[in-house]
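J.: Structure provided below as C-alpha cells; questions to follow.
Taken together, the values in this text are just the output of simple stated rules run on the coordinates, not laboratory data. Keep in mind the model is a prediction, meaning the values are calculated, not measured. Cβ: placed from backbone, ideal geometry, glycine included. Neighbour counts: every protein chain shown.
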Amino acid sequence: MRYQISKGKMPAREIEVIRDEIDKINKEWLEGENIFVNVKINGKMTKTNGHVKYVIGEYKNFNIGISYRLWKEFGIKATLGTLRHEFAHVINMAMNGDLGLGHNESFKEICRAVGGVMNKKHAGEKYKDCLTDDYVARKPKWTLVCPKCGYTVGRHRLTKNFLHHRVCKCGTMVSKFERIQNY
Ligand SMILES: [Zn+2]
Ligand SMILES: [Zn+2]
C-alpha cells in the first residue's frame with residue numbers, strides 16, 4: 001500500500017506519529033497490496049470524526065478524511081483511534097472486496113485488531129472494548145465564560161496551554177473565565 005498525507009493545519013510532530021501508525025498498519029496488513037490511500041487532515045470536518053471514500057468495485061484508491069477538530073478537541077489518541085477505524089475499512093475491502101463493505105462482522109474484527117474505535121451502535125456488547133465517546137459533534141464538556149465581557153467558548157478538555165496562554169479580546173486571561181461543567 002502506498003499513501004500520502006495532506007496535513008492541513010496539523011503540526012509536523014503529530015503528522016510523524018500518524019505516519020508511524022500508518023506504516024505499522026501497512027506492514028501488518030497491507031504490504032504488497034496495489035492500493036493507494038490519500039489521507040487528509042480536514043479542517044472542514046466538524047460534524048464527523050472521520051470517513052473513508054472509495055469507488056464501488058474498485059478497491060485500489062481510497063480517500064480517508066480525519067477531522068482536524070477531532071485532534072484539536074480530543075488529542076492524538078482519539079485521532080489515531082479514528083485513523084485505525086478508517087484503515088480497518090480499507091483492510092476489510094482489500095481482503096473481501098464488495099463483501100467487505102460497511103460495518104460488518106469482519107470489519108469489527110479487523111477494527112479491534114488494529115486498535116480502532118467504534119461508536120455505541122457498532123460496538124454493541126461484543127466490541128465494547130472498542131467504544132469511544134469522543135465525537136466532534138458532541139457538546140463540549142466545558143463552557144467558559146469571560147467574567148468581564150461575557151464571551152463564551154466551549155472546550156472538551158481544559159489544557160494548560162489553553163488556560164494560561166490565551167487572552168480574551170477584552171484582555172482577560174482565559175484562566176480567569178468562569179467554568180461551567182456540562183456533564
Ligand atoms: Zn466506519
Ligand atoms: Zn472578555
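J.: Once a ≥ b ≥ c are taken as the square roots of the eigenvalues of the Cα gyration tensor of the stretch 142-181, is the result rounded (a/c under 1.5), prolate (a/b larger than b/c) or oblate (a/b not larger than b/c)?
T.: In terms of gyration-tensor shape, oblate.
J.: Taking N as the number of residues in the stretch 1-157, what value does Rg over Cα atoms divided by 2.2 N^0.38 Å take?
T.: Working: Rg = 16.7 Å, N = 157, 2.2 N^0.38 = 15.0 Å.
Ratio of Rg to 2.2 N^0.38 Å for the stretch 1-157: 1.11.
J.: Which of these, 162, 36, 107, has the largest mean-square fluctuation under a Gaussian network model of the chain (Cα springs below 10 Å)?
T.: Largest GNM mean-square fluctuation: 162.
J.: Using a 10 Å cut-off on Cβ atoms, rank the peptides 150-156, 79-85 from the highest mean neighbour count down.
T.: 79-85, 150-156
J.: Check the straight Cα-Cα distances from residue 141 and name the aspartates and glutamates below 14 Å, setting aside those fewer than 8 residues away within the same chain.
T.: In chain and number order, the partners are 73, 133, 178.
J.: Between 164, 149, 25, whose Cα lies farthest towards the positive end of the dipole of the chain when Lys and Arg beta carbons carry +1 and Asp and Glu beta carbons carry -1, centred on the Cα centre?
T.: 149
J.: A follow-up question, please. Sequence gap at least 6, Cα distance under 8 Å: using those rules, report the relative contact order of the stretch 2-130 to the nearest whole percent.
T.: 20
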